1. Output ³J(HN,Hα) for segment 191-208: one whole-Hz value per residue in order, computed from phi by the Karplus curve 6.51 cos²θ - 1.76 cosθ + 1.60 with θ = phi - 60°, and x for Gly and Pro.
2. Running a GNM on the chain with Cα contacts under 10 Å, which residue among 286, 158, 167 ends up with the highest mean-square fluctuation?
3. Which of the trypsin sites (Lys or Arg not before Pro) found in segment 1-50 are in a DSSP loop and have at most 14 neighbouring Cβ atoms, other than their own, within 10 Å?
4. Compute, for segment 20-96, the length of the dipole vector about the Cα centre, with Cβ point charges of +1 (Lys, Arg) and -1 (Asp, Glu) only. Units Debye, rounded to 20.
5. Quick one: putting +1 on the C-beta of Lys and Arg, -1 on the C-beta of Asp and Glu, what dipole do you get for segment 105-215 around its Cα centre, in Debye to the nearest 20?
6. Could you work out the helix-only [θ] at 222 nm for the chain, with each DSSP H run of four or more residues adding -39,500 (n - 2.57) and the total divided by the number of residues, to the nearest 500 deg cm²/dmol?
7. Once you've got the Cα coordinates, tell me which of 8/284; 15/156; 4/156; 170/284; 284/317; 33/170 are over 30 Å apart.
8. Where nothing but the Cβ of Lys and Arg (+1) and of Asp and Glu (-1) is charged, how large is the charge dipole of the chain around its Cα centre, in debye to the nearest 20?
Amino acid sequence: MMGKITLKNGEPLPKIGFGTFGSDHYSPARVAKAAACAIESGYRLFDCAQVYGNEDVIGEVFADAFRRGIVSREEIFVTGKVWNDMHGAGKPAEALEQTLSDLRLDYVDAYFVHWPFPNYHAPGCDGDSRNPDSVPFDPEAYIRVWNEMESLYDAKYTRSLGMSNMTIAKLESVLKRIRIQPAMIEMELHPSFQQRELFDYCADKGIKVIGFCPLGSPNRPERDVAPEDVSDMELDEVREIARLRNFHPAQVCLAWAVSRGAIPIPFSGNEKNIITNLRAAAEKLTDEEMAILDSAERNCRLVKGQVFLWPGAKSWKELWDE
């Protein structure tokens, strides 16, 4: 039902995936239960990360699904991500070894550099937290991490490589200097934050875009909530199309992403929503509907990343080269 696209390295990728970031609102057990429902509902792309703190229980879900014959390993596409505190020499390999052990897999289908710098924060910290060891983006340091990712690709522990939370300026500083190009880039993407310039830049280079926060992330951590944020599912443009199509606004947001050529990765802990979100991937919006949603742009970045700021940085906008 969902269909697939083909990455430039020939690997097939479903048009919609299931996110596994439970924010601060869902326990690992609840995320695992939702992932089990997603597998049974037909999802075949699962976006995982070590920092989410639930790969071990999701690994149990995968093992159970394989054992029961619901799905085979070859039928699912699983991503992993190296966290910021594992950028040192030999650390990406160490991180991926742990991820594979937790997920009970021999390989991941794609392995991402989660953030483009080694800055990290304590789990569950508030928005005012800062780590004094944080540093600005350094292309040389990033390339060293990427070289280690390439070795993991060569050793077939991952079938594709990906980047995340990048900007055009950061990409320009590294893409011409690496051996293996990213097959995918994860970026925040929803109707009120469309990142057209970055999206088109990736498309021109044949890099597929995975869009996180596709529904406007209503359950994001409190540290990522700001008074000026808007709610995508409350936007007039989204609600008008939902009314005309008899959709839920969430389905409009997902259909917009898929119609645009992005791969959204929504999370839900509700079985009904898990199913209806998947069905949205089969919907193709008209050119007129897409034009209406173009006007929903509010430049509303939800994941600002302020907890990663380095000493002397004045605004989260510096993280994004603004």
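No value in this document is a laboratory result; all are computed from the given coordinates. Everything numeric here is computed off the predicted structure, so don't read it as measured data. So basically every Cβ, Gly included, is an ideal-geometry build from the backbone, and we count neighbours across all protein chains shown.
1. So the J values, rounded to whole Hz, are x, 8, 8, 9, 6, 4, 5, 5, 4, 5, 4, 5, 4, 4, 9, x, 9, 6.
2. 286
3. For trypsin sites (Lys or Arg not before Pro) across segment 1-50 that sit outside H, G, I, E and B with at most 14 neighbouring Cβ atoms in 10 Å, the list reads 8.
4. 140 debye
5. 340 debye
6. -10500 deg cm²/dmol
7. 170/284; 284/317; 33/170
8. 680 debye
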